Amino acid sequence: MRVDYPTLRKTVAALTAGETDTVALMATVTCEVFHADDRFDWVGFYRNVGGETLKIGPYQGGHGCLVIPFSRGVCGAAARSGETQRVPDVEAFPGHIACAASTRSELVLPVFDGSGGLLGVFDLDSDRADAFDETDARELADMLADVFARASHG
């Protein structure tokens with residue numbers, strides 16, 4: 001099953017309408033995205049907790065790493081640069097952190113609040129090589145921007 005982005009965006013918009021709590025928004029987005037496509041083996045957020053440190057947030061799938069510094073891995077690169085990281089082969093990514101041995105490809109998107117503050121990153125892992133494309137990156141980035149525009153740091 002391949003994700004139907006228009007339906008996913010409508011569903012997420014309906015479920016998150018009026019909500020401003022960051023963790024509630026993250027939990028809802030994670031659940032809906034994880035169940036939207038069988039390519040997605042692990043889906044979740046790493047929250048920016050300051051000090052150039054990411055900590056695990058709401059996720060679906062096996063256990064994730066608890067703490068990731070901005071200086072390491074694909075998630076750290078997305079947080080550090082503020083740019084989406086699409087990695088077709090995690091073994092070829094310098095400094096990749098193997099939170100799960102099954103991960104073959106990864107898509108990580110920075111998540112900003114409405115004022116441009118970095119809330120964290122949204123991490124999607126797949127047990128398939130080259131599982132993510134530019135459509136995934138663009139559609140998910142647009143959805144995250146819509147959902148977190150009014151998020152509160154709370």
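The values are calculated or read from the model by the stated rules, or taken from the named source; none is laboratory data. Please read all numbers here as calculations on a predicted model, not as lab measurements. Neighbour counts run over all protein chains shown; Cβ positions are idealised from the backbone, glycine included.
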- Task: Working only within segment 86-135, note down all residues that are aliphatic (A, V, I, L, M), at pLDDT below 95 and under 15 Å from the mean Cα position of the chain (by Cα).
- Result: V87
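Yes or no: T53 more than 22 Å from E19 (Cβ to Cβ), within 12 Å of the chain's Cα centre (by Cα) and of a type in the set (S, T, Y)?
Numbers: more than 22 Å from E19 (Cβ to Cβ): yes; within 12 Å of the chain's Cα centre (by Cα): no; of a type in the set (S, T, Y): yes.
Considered against the rule, which asks whether it is more than 22 Å from E19 (Cβ to Cβ), within 12 Å of the chain's Cα centre (by Cα) and of a type in the set (S, T, Y), T53 comes out as no.
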- Some residue of segment 86-98 being closer than 16 Å to D37 by Cβ and either without any contact (Cβ under 8 Å) to a residue 24 or more places away in the chain or surrounded by fewer than 12 Cβ atoms within 10 Å (Cβ to Cβ) (or both): no
- In segment 1-36, what count of residues is obtained for those that are surrounded by fewer than 19 Cβ atoms within 10 Å (Cβ to Cβ) and under 27 Å from R80 (Cβ atoms)? 7
- Note on the structure: segment 1-117: strands (runs of 3 or more DSSP E) wholly inside it with 3 or more residues that are under 16 Å from V147 (Cα atoms) are 42-48, 105-112
- Task: List every residue pair whose Cβ atoms sit under 7 Å apart, with the two residues 6 or more apart in sequence or on different chains, where the first one lies in segment 111-140 and is in contact (Cβ under 8 Å) with a residue 24 or more places away in the chain and the second, anywhere, is part of a helix (DSSP H, G or I) and of a type outside the set (A, V, I, L, M).
- Result: V111/F148; F112/F148; D113/F148; L119/T22; L119/F148; V121/C75; D123/C75; E139/Y5
- Take the residues of segment 123-153 that are assigned to a strand (DSSP E or B) and of a type in the set (S, T, N, Q): which is surrounded by the most Cβ atoms within 10 Å (Cβ to Cβ)? S126
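Consider G120 carefully, then state whether it is part of a loop (DSSP other than H, G, I, E, B), closer than 22 Å to A151 by Cβ and of a type outside the set (K, R).
no
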- Query: Within the set of pairs 6+ apart or on separate chains, which have a first residue in segment 58-69 that is more than 19 Å from V33 (Cβ to Cβ) and polar (S, T, N, Q), a second that is surrounded by fewer than 18 Cβ atoms within 10 Å (Cβ to Cβ) and modelled with pLDDT under 95, and C-beta atoms under 9 Å apart?
  - Reply: none
- Task: Scan segment 30-49 and give yes if some residue there is over 19 Å from E139 (Cβ atoms) and of a type in the set (A, V, I, L, M, F, W, C), otherwise no.
- Result: yes
- Over segment 112-138, the set of residues more than 12 Å from T84 (Cα to Cα) and among the acidic types (D, E) is D113, D125, D127, D130
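Look at segment 99-110 and say how many of its residues are in contact with a Phe, Trp or Tyr (Cβ under 9 Å, 6 or more places away or on another chain) and without any contact (Cβ under 8 Å) to a residue 60 or more places away in the chain.
8
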